[in-house]
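Colleague: Below you will find the structure I want to go over with you.
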Amino acid sequence: MKDAKSSFLPIGKIVSLHGLKGTVKVYSYTDKPLSVFKSDALIIARNTKGLEKTYIIEWAKPHKLLTMLVSLQGIGCCNQAETLINSELFIEKTKLPKLEEETYYWFDIIGLSVFTKDEKCLGCVESIIQTGSNDVYVVKDPGKDKDNEILIPALKSVILSIDLKYKIMKVDLPEGL
């Protein structure tokens, strides 16, 4: 695979078989799997040994919670599909659906340098916690104690701007942070 970190994004993992015709059950890493697992989408499957193969999705449909049933071209029986169990699936980032203005994919946010409105550097977004009402950005300063982190709610009132070109987020922290 090309530079996987910059060109491809993991979108799910094949967790089991479904039926006898080679359909696989995929655990989706996205909360909107139908927008990613589309017919004719080109995906790469990387098995546990690091071997990769390209497939085209014939069809996909929701199953339970965050799982999808997916049929891949060239996989017509359960014996073929069984070799794909535990394979991680990747899609080119350029093939992801376009987002509305001022909405971002997590991979765009993780790694951004975070500054206050007074230009004080707080660190970098290391991860994102999904909550019921809004996401929370986990910001860590690599120069400080490894347990030192700031949790910043992803709210319009807190996030002043995001500049993906320069990889910068400006925030107005609420009282107490």
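What follows is calculated from the coordinates using simple rules that are stated; it is not laboratory data. Because the structure is a prediction, the values reported are computed rather than measured. Cβ placement follows ideal geometry from the backbone for every residue including glycine, while neighbour counts extend to all protein chains displayed.
Colleague: Within the stretch 163-177, find all residues whose amide N lies under 20 Å from a label point positioned 7 Å from the Cα of residue 100 along Cα-to-beta-carbon.
Modeller: Correct set: 163-164.
Colleague: Please compare each pair in 64/165; 13/98; 21/93; 64/156; 98/156 to a cut-off of 28 Å on the Cα-Cα distance and tell me which ones are over it.
Modeller: Over 28 Å apart, Cα to Cα: 64/165; 21/93; 64/156.
Colleague: Residue 93 versus residue 136, label points 7 Å from Cα toward the beta carbon: distance in nm?
Modeller: My value for the distance between the label points is 2.7 nm.
Colleague: Stretched out fully, how many nm does the piece from residue 78 to residue 167 gain, at 0.36 nm a residue minus the Cα gap?
Modeller: 27.6 nm
Colleague: Could you give each residue of the stretch 71-79 its phi-based ³J(HN,Hα) in whole Hz, using Karplus coefficients 6.51, -1.76, 1.60 with θ = phi - 60°, and x for Gly or Pro?
Modeller: Whole-Hz 3J(HN,Hα) from phi for the stretch 71-79: 10, 10, 4, x, 10, x, 8, 5, 5.
Colleague: In the neighborhood of residue 45, defined by Cβ-to-Cβ distances under 10 Å, what is the net charge if each Lys or Arg adds +1 and each Asp or Glu adds -1?
Modeller: Spelling it out: positives minus negatives among the neighbours equals +1.
Colleague: With a sphere of radius 13 Å drawn around the Cβ of residue 76, what net charge do the other residues whose Cβ falls strictly inside it have (Lys, Arg +1; Asp, Glu -1)?
Modeller: With Lys, Arg at +1 and Asp, Glu at -1, the neighbours total -1.
Colleague: Please arrange 100, 88 by counting, for each residue, the other beta carbons lying within 10 Å of its beta carbon, fewest first.
Modeller: On the way: 100 6, 88 18.
Neighbour counts put them in this order, fewest first: 100, 88.
Colleague: Please rank 107, 90, fewest neighbouring Cβ atoms within 10 Å first, as an exposure proxy. Could you put the intermediate results ahead of the total?
Modeller: On the way: 107 14, 90 21.
Exposure proxy ranking, most exposed first: 107, 90.
Colleague: Rg (Å, one decimal) plus Dmax (Å, integer) for the alpha carbons of the chain?
Modeller: 19.3, 61
Colleague: Here's another thing I want to ask about it. Quick one: net charge around residue 151, please, counting Lys, Arg +1 and Asp, Glu -1 for every other residue with C-beta under 12 Å from its C-beta.
Modeller: Residues close to residue 151 contribute a combined charge of -2.
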